[in-house]
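Everything on this sheet refers to the single structure shown next.
Bear in mind that the values in this text are calculations on the coordinates, not laboratory data. Note that the coordinates shown come from a computational prediction; the quantities given were computed from them, not determined experimentally. All Cβ positions, even for glycine, are placed from backbone atoms using ideal geometry, and neighbour counts span all protein chains on display.
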Amino acid sequence: MKISPISVLCVDDNDLVAEGLRIKLTSAEDFHWIGHLATAEQLVETAYRLQPQVVLLDIDMPGRDPFQALQQLSELLPSVRVVMLSGYVQHGLIDRAIESGAWGYVSKHQGADSILSAIRQVAQGEFTLGHDVEEEYRRH
């Protein structure tokens, strides 16, 4: 029996990051890239329409606050799991992401394989933090 691939929507204003993730995800059999948004403005509406299993959500973007979009998405579509992506590994941001409904938090500096691993984990119902994010928590 073939397992359905994990559908992923990426929300990141950096087109190079999004394109790199698209290439990495589409080259793996267990993922299905369903789209990219450059801001969180239309995140909830797009998630309703496309029904992703996992959303990769950048923390630092212009426009709508990603944390507010995450909170609304978590309330309205609790089956959609969100992994926060960030170049910032700061205790306060990690806490805010978790409080807003994120299932994971991964640093962009960890690389694509770490991000793919996080997607797999949250799709299976596991909460996950990237390696450097866990280290930040241990320091505090």
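In table form, for the structure just shown:
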| quantity | calculated |
| --- | --- |
| The range 41-95, relative contact order [Cα under 8 Å, separation at least 6], % | 42 percent |
| Alpha-carbon centroid distance for the pair the range 11-58 / the range 77-93, whole angstrom | 14 Å |
| Relative contact order of the range 12-104, defined on C-alpha pairs under 8 angstrom at six or more residues apart (%) | 26 percent |
| Rounded if a/c under 1.5, otherwise prolate or oblate - the chain, Cα gyration tensor axes | rounded |
| Per-peptide average of other Cβ atoms within 10 Å, ordering 79-90, 118-129 highest first | 79-90, 118-129 |
